[in-house]
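A.B. asks: Questions regarding the structure given below will be posed in turn.
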Amino acid sequence: MAEQNNGWTRRDFLTTGGAVVGAGTLLGWPLHSLAFRPDIVNPLAHYPARDWEKIYRDQYRYDSMFDWVCSPNDTHACRVLAYVRNGILTRMGTQYNYQNYSDLYGNKASPNWNPRQCAKGYTFHRIVYGPYRLKHPIVRKGWKEWADDGFPELTPENKSKYKFDSRGSDVHLKIDWASVLKYIAKGYVAIAKRYSGEEGAKRLRAQGYPEEMIAETGGAGTRTFKMRGGMGLLG
C-alpha cells in the first residue's frame, strides 16, 4: 500500500478518522437525538431564537435605486442598477431587458445578452468608497506643459520633451475643477483642428487608420469622446 505524507497510510487515516467520529458521538450529542419527533409538527414554530431571520431578510433592503452606464476601457457600456441605503451605495445589479433596446434602424438585441455585466461593474461601488480613490483632478506634468505650449506636433523630440514616450516616469499635479475643464476644452479644440477636414484625414492615414474608419468620421475629428474615469485625469 502506498504511503502518504508523514508516513501515514490510507488505512491509518480511515482508522483514526473512525475513532474521532466515535469519540465525538460519545462525548457530544448521540445521533438518536436528531431523530424525528412526532410531538413537534412545525420545527420552525418551536425554534428558540429567530432574530437572525430578520437580519438575513433585511440585508438586501434598499431605500432607492438609479441607473447608470458603466463604460470602462472595455467599452461595453452596460446599464447598471445601483441600490442605495442610508445614502450609501450598497450593491450593484443588472437589468434583464436588453432585448427591448433598439438602435436608430430598429435593430434589437437578443435576450441572450442578459445579464450584460462583468465583475468590474458589480463591484464598482467598492471603487467609489475605496481608500485610494482620487478625490480631485490631476494632470500629468508633461501633458500640461504640452497644452500650455499650444499642443505642438509630437515629433520624436517633443515626445521625449513632454514625456509621451515615458509617461510612467512623469509626475501628476493636483489641479482645481475649473482649470481641468478648461484644459479638457483646449484638448478638444486641438484635436478638432488637427484631425478635421482633408488635412486631418491625411494625418489619420499616416497613422495607419483604415479608410472605412476615416470615412465614418465625416470629416470631423471630434465625433466621439470618452472620458477616462470621470475624474479629470489628463495625460
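The values are calculated or read from the model by the stated rules, or taken from the named source; none is laboratory data. Just so we're clear, the structure is a prediction, and the values are computed from it rather than from any experiment. Cβ atoms come from the backbone with ideal geometry, glycine included; neighbour counts cover every protein chain shown.
A.B. asks: If you go through the stretch 77-96, how many residues are over 27 Å from residue 58 (Cβ atoms) and surrounded by fewer than 14 Cβ atoms within 10 Å (Cβ to Cβ)?
C.D. replies: 1
A.B. asks: Given (1) touching a helix residue (DSSP H, G or I) at 6+ places or on another chain (Cβ under 6 Å); (2) assigned to a helix (DSSP H, G or I); (3) in the same structural domain as residue 222 (by TED's automatic domain parsing), identify the lone condition not met by residue 99.
C.D. replies: Of the numbered conditions (1) touching a helix residue (DSSP H, G or I) at 6+ places or on another chain (Cβ under 6 Å); (2) assigned to a helix (DSSP H, G or I); (3) in the same structural domain as residue 222 (by TED's automatic domain parsing), the odd one out for residue 99 is (3).
A.B. asks: So, of the residues in the stretch 74-87 that are among the aliphatic types (A, V, I, L, M) and without any contact (Cβ under 8 Å) to a residue 40 or more places away in the chain, which turns out to be nearest to residue 64 (Cα to Cα)? Outline the logic, then answer.
C.D. replies: Residues of the stretch 74-87 that are among the aliphatic types (A, V, I, L, M), as a first pass: 77, 80-82, 84.
Filter once more, so that each one left must be without any contact (Cβ under 8 Å) to a residue 40 or more places away in the chain: 77, 81, 84.
Details: 77: 22, 81: 10, 84: 5 Å.
The extreme case among them is 84.
A.B. asks: Out of 112, 73, 100, which single residue is under 29 Å from residue 169 (Cβ atoms), modelled with pLDDT under 90 and loosely packed, with under 11 Cβ neighbours inside 10 Å? Spell out the reasoning first.
C.D. replies: Values: 112 fails: under 29 Å from residue 169 (Cβ atoms); 100 fails: under 29 Å from residue 169 (Cβ atoms).
73 is the lone residue from the list that is under 29 Å from residue 169 (Cβ atoms), modelled with pLDDT under 90 and loosely packed, with under 11 Cβ neighbours inside 10 Å.
A.B. asks: Right, another one. Given (1) crowded, with 17+ Cβ neighbours inside 10 Å; (2) of a type in the set (Lys, Arg); (3) on the phi < 0 side of the Ramachandran plot, where does residue 174 come up short, assuming only one miss?
C.D. replies: (1)
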